[in-house]
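Structure record follows, encoded as structure tokens.
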Amino acid sequence: MSILSLFKKKPELARDPICHMMVDPSKARASSEFEGVTYYFCAPGCKMLFEEDPARHIASEKPAVEM
Amino acid sequence: MAFDLALSLGALGLAAAVLWFFLGKRTPLPVAAQSAELPARELSEPPIDAFDPAAGADTEQARLSVSGMTCASCVFAIDRTLRAVPGVSDANVNLAAEQASVSFDPRQVTPAEMISAIQGVGYDARIAGGLQESQEADEHARRRDLRLLMLKFGVGAPLAILLFVGSSGDLFRWDPGFLSNHYLQFGLAVPVQFWVGWQFLASAWKSARHRMADMNTLIAAGTLAAFSFSTVATFAQGALPETVSGKVYFDTAAIIVTLILLGRLLEARAKSKTSDAIRKLVGLQPRTARVIRDGQETEVPISEVRVSEQLLVKPSEKVPVDGVILSGATSIDESMVTGESVPADKGPGDRVIGATVNTVGAFTMEATRIGEDGLLGQIAHMVRDAQGSRASIQRLVDVVAGYFVPAVMLVAFATFAAWTLASADPELNRSIAAAVAVLIIACPCALGLATPTSIMVGTGKGAEFGVLIRNAETLETAHRVDTIVFDKTGTLTHGQPSLAEIRPASGFIDDQVLALAASAESLSEHPVARAITFAALEKGLTLSEPSEFEMKPGQGIRATVDRKAVAIGNRALMTNLGVSVDSLLNHFEALAKAGNTPMFVAIDRSPAAVIAVADSLKEDAAQSVSDIKRMGINTVMITGDNRYAAQAIAGQVGIDEVIAEVMPQDKVSRVAELQSEGKVVAMVGDGINDAPALAQANVGIAIGAGTDIAIEAADVTLMGERLSGVVTAIKLSAATMRNIKQNLFFAFVYNTAGIPIAAGVLFPFFGLLLNPGIAALAMAASSLSVLTNALRLRGFKP
């Protein structure tokens, strides 16, 4: 991270519905659309899990996979 | 004042000279120049049973490096993906290590397929480099450390010089007056004290927490005392008693830190590159293998070979992996692993070692162990483990410091007490100032140079006598060696067979048999053939070219010389040719028992003689061994050879203890055993199989004519073949240690002499207290003495 980036505005972050990490949508490595909403993921693994049962994961309050 | 300033200037000049001396261009030592090529010969089957063809060959382990994992779901996804691959029985993914370890059936799946499965779900993976990769990481860290040390020295040295100029007042005409400004000096000293010298502070703190005092404690205590005192003198002059106010020691602290860092830098540069041995080992492996898949021969990268696959090996190719011969007969040059130059005869059922060189025959084999499980991989592992686990011997400097530091602390405390109690009007800050002055003067700046300078000169001296010392600590260790373990073949012996004896059957004359045998062998490149031919030529016999010549891998040769059918070989050859050798069996066995390699010679299908070759001792072997024994050192011989051959050689050379029939990877454990008995062990060897033991031993000594890998694993390399260097190395070590001890004396003596002054012993009489001039004087005198003394080592003669 360069010093300049500290002065930049914080990007709007999206929550990864699987692991609940906060993800910068512009840099997300994976995304998926479900019922008209785009979800962003920290990594392809989360996308994979999400797409298996999107409805359940959106509803879930807890991360699908605990560390 | 002018006197000690002149000396201070001398110290600076000396520092520059030291710099040039050690950091100037150094010519590389010509180690690699004459490596390898002198493999050895063997009397019995090389002991390669080292590795059992896997007990559980159905499952293999693979480690994959996986990148791109960010959270637990990645782990989960990859874990599930891997388990879904047919043939994978278990997978274990570690997020932090970025690794996956997988158990799989090598007949169903390759690591490459697992990698593509992982890539399929959006991550990147490759086979974890294991050895090579971690070695590279080590090497990388080592280089980074060295670079950092150089940078720190590069920053510390100019700052220290500026501080020195500044505090030397009017000595330098060009001295810009502002340098003597204490505030500026403080600014210059801070980075030296806390960045350049950080490692001393950190190590001292670590030792202090273990209630130990070592060299770092001394450096930290001395420099911090000097620095803090000077800081107070700069910013709060009023706090100091009049007698010592206005004096700053920023230059003392900075010069000590810088000079000691220079010592560390020199040591780091001299540190051996442990990784080279392993990199070279890995480099020995062939890159591709001919695999027979579905009856088709395909050439594949070595990493794709699976256990129990069938491989084809053609003449003069390297054996790709460890395995067992299925069909075909050949001889394989295993000298790189065993040190034995005579190719080992192999047939179906015999084990072969990856990276050894096939000679004449083609064969098919089944792969039993691949990658790190192979013998080569195991040896690499052992070398690394041994290098990591070897017991380090406490550095002499630390031993000395262990006594000196507490003593100094005690004196400092006593000083404080004395000033408080004995003074007519006790003043707390004056007592503190005196105690601090003791700490300042007690830290000898030549301490950092005492060891490296002797070692540098000693190393150079060793090179002059053909003893190349790669590892500075070796010189501190070698004189303590009380047991020397010798490898036999190629170390005590030439490693090349020569003719030992001919025992003709009745009716045959030895010269006549030798002439025929030598003629028959004259077309062969085999070491045994060369030994026979050479012996005949030496005797002045006339050889004739054979009109017909045939090599029988694993048996011997058959040729027609002067219309006579000559056959030389083992019993199997004779049986095949229908020659009965019963009448010669007695001779054969007697010669074998005496440590020779006997062969039958048949002329026109009748048994003519037993001809025996043997590995001969090096000319200086017996002399060197007896020199070593005279120094009171135990000698041990270790070999993979059979007991008879081993004892025969040991008897000739005068070695008392023989450890024979040792598997290649057991040498290291025998050395470790000796060490666990409290012995300080030196190992002398030349082969790849000696490499782990060389690394394990307190001092590993490689024969310069040996394999690169042995040389890389060892601490000392003897140029050429001669063994007398072992004695030289030990004597040189003793001389160097003596020199280091003298240096330590010089490093401490001037500063120690300064302690009473600092403590204020002279104050009541002369009003003399420690001043920066005295500190500089002590620094200059000790550095000069240390350097001069180290150079005296140049007069060493073995």
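The values are calculated or read from the model by the stated rules, or taken from the named source; none is laboratory data. These figures come from a predicted structure and were not determined experimentally. Positions of Cβ are backbone-derived with ideal geometry, glycine not excepted, and every protein chain shown enters the neighbour counts. SASA here: full protein model, heavy atoms, side chains in, ligands and nucleic acids out. Shrake-Rupley method; radii C 1.70, N 1.55, O 1.52, S 1.80 Å.
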Quiz prompt | Exclusive hit being among the small types (Gly, Ala, Ser) and free of Cβ contacts under 8 Å to residues at least 24 places away in the same chain, set B:Ala660, B:Ala648 | solution = B:Ala660
Exercise. Answer yes or no as to whether B:Val668 is buried (at least 24 other Cβ atoms within 10 Å of the Cβ) and modelled with pLDDT of 85 or more.
Key: yes
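Only one of B:Gly495, B:Gly462 is on the phi > 0 side of the Ramachandran plot and open to solvent by less than 20 Å² (accessible area, probe 1.4 Å). Can you tell me which?
Numbers: B:Gly462 fails: on the phi > 0 side of the Ramachandran plot.
It is B:Gly495.
What's the total number of residues in the range B:675-704 that are surrounded by fewer than 24 Cβ atoms within 10 Å (Cβ to Cβ) and either in contact with a strand residue (DSSP E or B) (Cβ under 6 Å, 6 or more places away or on another chain) or under 21 Å from B:Gly495 (Cβ atoms) (or both)? Please lay out each step first, then the result.
Filtering the range B:675-704 down to residues surrounded by fewer than 24 Cβ atoms within 10 Å (Cβ to Cβ) leaves B:675-680.
Pick out the ones that are also either in contact with a strand residue (DSSP E or B) (Cβ under 6 Å, 6 or more places away or on another chain) or under 21 Å from B:Gly495 (Cβ atoms) (or both) and you get B:675, B:679.
The number of residues fulfilling the criteria is 2.
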Quiz item: Within the set of pairs 6 or more residues apart or between chains, which connect a residue that is free of Cβ contacts under 8 Å to residues at least 24 places away in the same chain inside the range B:393-417 to a residue that is outside any helix (DSSP H, G or I) and aliphatic (A, V, I, L, M) with Cβ atoms less than 9 Å apart?
Solution: B:Tyr403/B:Ala213
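Yes or no, residue by residue, for (1) open to solvent by 10 Å² or more (accessible area, probe 1.4 Å); (2) polar (S, T, N, Q); (3) part of a helix (DSSP H, G or I); (4) in contact (Cβ under 8 Å) with a residue 12 or more places away in the chain:
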| position | (1), (2), (3), (4) |
| --- | --- |
| B:Tyr183 | yes, no, yes, yes |
| B:Phe186 | yes, no, yes, yes |
| B:Gln193 | no, yes, yes, yes |
| B:Lys206 | yes, no, yes, no |
| B:Asn216 | yes, yes, yes, yes |
| B:Thr223 | no, yes, yes, yes |
Quiz item: Residue check, B:Thr717 against (1) polar (S, T, N, Q); (2) in a helix (DSSP H, G or I); (3) within 30 Å of B:Ala691 (Cβ to Cβ), all met but one. Which one?
Solution: (2)
Practice problem: Residues being surrounded by 17 or more Cβ atoms within 10 Å (Cβ to Cβ), in a strand (DSSP E or B) and within 34 Å of the chain's Cα centre (by Cα): count how many of those fall in the range B:301-312. | Solution: 0
Quiz prompt | 2 or more residues among the small types (Gly, Ala, Ser), more than 41 Å from the chain's Cα centre (by Cα) and modelled with pLDDT of 90 or more: qualifying helices (runs of 4 or more DSSP H) within the range B:442-552 | solution = B:510-521
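Examine the range B:431-440 for a residue that is surrounded by 22 or more Cβ atoms within 10 Å (Cβ to Cβ) and among the hydroxyl-bearing types (Ser, Thr, Tyr), and state whether such a residue exists.
Keep residues of the range B:431-440 that are surrounded by 22 or more Cβ atoms within 10 Å (Cβ to Cβ), which gives B:433-440.
Still in the running and among the hydroxyl-bearing types (Ser, Thr, Tyr): none.
Looking through the range B:431-440, none of the residues is surrounded by 22 or more Cβ atoms within 10 Å (Cβ to Cβ) and among the hydroxyl-bearing types (Ser, Thr, Tyr).
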Quiz item: Here are some conditions: (1) crowded, with 23+ Cβ neighbours inside 10 Å; (2) more than 30 Å from B:Leu718 (Cβ to Cβ). B:Ser733 meets all but one. Which one does it not meet?
Solution: (2)
Quiz item: Exactly one of (1) at negative phi; (2) open to solvent by less than 40 Å² (accessible area, probe 1.4 Å) is unmet by B:Phe534. Its number?
Solution: (2)
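Can you tell me which residue among B:Ile711, B:Ile649 is hydrophobic (A, V, I, L, M, F, W, C), within 18 Å of the chain's Cα centre (by Cα) and closer than 28 Å to B:Asp333 by Cβ?
Details: B:Ile649 fails: within 18 Å of the chain's Cα centre (by Cα).
On inspection, the qualifying residue turns out to be B:Ile711.
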Self-check item: Candidates B:Ala602, B:Ala567, B:Ala648, B:Ala609, filtered to the one that is closer than 17 Å to B:Glu501 by Cβ and modelled with pLDDT of 90 or more
Solution: B:Ala609
Quiz item: Could you say which residue among B:Arg147, B:Arg173 is modelled with pLDDT of 75 or more and either among the charged types (D, E, K, R) or touching a Pro at 6+ places or on another chain (Cβ under 8 Å) (or both)?
Solution: B:Arg147
Quiz item: Could you count how many residues in the range A:28-67 are at pLDDT below 80 and either away from chain B (no Cβ under 13 Å) or under 9 Å from B:Ser73 (Cβ atoms) (or both)?
Solution: 6
Exercise. Return the pairs, sorted by first residue and then second, in which the second residue is modelled with pLDDT of 90 or more, the first residue lies in the range B:303-315 and is at positive phi, the beta carbons are less than 6 Å apart, and the residues are 6+ apart or on different chains.
Key: B:Ser308/B:Glu366
